[in-house]
Amino acid sequence: MMTTAPGGPAQRGPIGYGVAALGNLYSARPDDVWPAIVPAAWEAGIRYFDTAPHYGLGLAEERLGEGLRGLPRDEYVVSTKVGRLLEPNPDYRPGDTDIANLFDVPSTRRRRFDLSRDGVLRSVEDSLTRLGLDRIDILFVHDPDEHEREALEGAFPALEELRSQGVIRSYGAGMNQSAMLTRFVRETDLDIVMCAGRYTLLDGAAASDLLPAAQERGVEVVVAAVFNSGILATDRPAAGATFDYGAAPAALIERAGRIADVAAPYGVTLPQLAVQFPLRHPVVSTVVLGADSPEQIVRNAGLAAPVVPDALWAELEAEGLTPHGDPASSFLFSADSQA
């Protein structure tokens, strides 16, 4: 049952944990590994946890709830998402999995987009049950790319109702694009947005539309997918690096390598730059990072410190290696032209 959210919001800090891996993203997490991830995040100082029904057909919410059980509720923030209802899958056969949707879990449930008021309220109740919590701090409308009108007419008014009743503290939208998020910022009274992959060292698209709109409207921005699915996740990009879940163009690999070369004399790595770049913008409060092991979450938690020297940022800018609001397509166009 939903209850009124008491007190003020917990301090989230610069790094949050996006828990898709707990839903067996790409592959199953071993039973002797996943239970240690949330405790490791907590010990490393992480206090913001982001999940969604989509992740592992509810498994990520269930496992996050287990990991948070017994921790002081007023000291952490949980966000989850609405838009995809989970319901029994009548076509399930033993052995069927959800790997086509990237999650290695039995496909005993299926997703159904529902952005109506009733769908939002049902989704929240279902998430509370899976999480084992009596309240959710932040609710995002999840990937409404093909459902913009339904989000504006159904989901957002429902979330406004929940916020006005004190059931949630804030609401917004989470997407892999900045254009629609910008429209939501201008056309609704949301508090916060999560932008994945569009404000990174290699893709400054959100700087052209979303970030100015958010600053004007007093909306908070959480940035996810700062490694662009892999190319910025290691000290130097490998030849087979990925960008936005596909093979990275050679020009982007070269660009990331040049950034690493400039950073090396400062003792700074690509992952540190990838995390700290978006945090330099005044409307960006938090960077959400995934992790599929306790060791990885501890490593990620430390990427916001030590602070990257201003001299390095200045050198990268002078070399034309930081985005200035240019869409990623400008980089990809140059990469394609060299193919």
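The values are calculated or read from the model by the stated rules, or taken from the named source; none is laboratory data. Being a predicted model, the structure only gives us computed values, none of them experimental. So basically every Cβ, Gly included, is an ideal-geometry build from the backbone, and we count neighbours across all protein chains shown. Surface areas here come from the heavy atoms of the whole protein model, side chains and all, with no ligands, DNA or RNA. Shrake-Rupley method; radii C 1.70, N 1.55, O 1.52, S 1.80 Å.
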Within the range 144-177, considering residues that are under 19 Å from Asn228 (Cα atoms) and touching a strand residue (DSSP E or B) at 6+ places or on another chain (Cβ under 6 Å), the one least open to solvent (accessible area, probe 1.4 Å): Gly174
For Glu220, the lone unmet condition from (1) open to solvent by 60 Å² or more (accessible area, probe 1.4 Å); (2) of a type in the set (Asp, Glu); (3) in contact with a helix residue (DSSP H, G or I) (Cβ under 8 Å, 6 or more places away or on another chain) is (1)
Condition check for Ala206: more than 13 Å from the chain's Cα centre (by Cα), under 26 Å from Ala247 (Cα atoms), open to solvent by 30 Å² or more (accessible area, probe 1.4 Å) and modelled with pLDDT of 95 or more: no
Any residue that is modelled with pLDDT of 95 or more, more than 23 Å from the chain's Cα centre (by Cα), of a type in the set (A, V, I, L, M, F, W, C) and over 15 Å from Gly18 (Cβ atoms) - is there at least one of those in the range 280-298? no
Among the residues of the range 209-245 satisfying the criterion of being of a type in the set (Gly, Ala, Ser) and within 26 Å of Thr80 (Cα to Cα), which is nearest to the chain's Cα centre (by Cα)? Ala224
Please work out which one of (1) buried (at least 19 other Cβ atoms within 10 Å of the Cβ); (2) within 23 Å of Gly320 (Cβ to Cβ); (3) of a type outside the set (Lys, Arg); (4) touching a helix residue (DSSP H, G or I) at 6+ places or on another chain (Cβ under 8 Å) is the condition Ala251 fails and give its number. (1)
Among Pro9, Pro35, Pro53, which is open to solvent by 50 Å² or more (accessible area, probe 1.4 Å) and at pLDDT 95 or above? Pro35
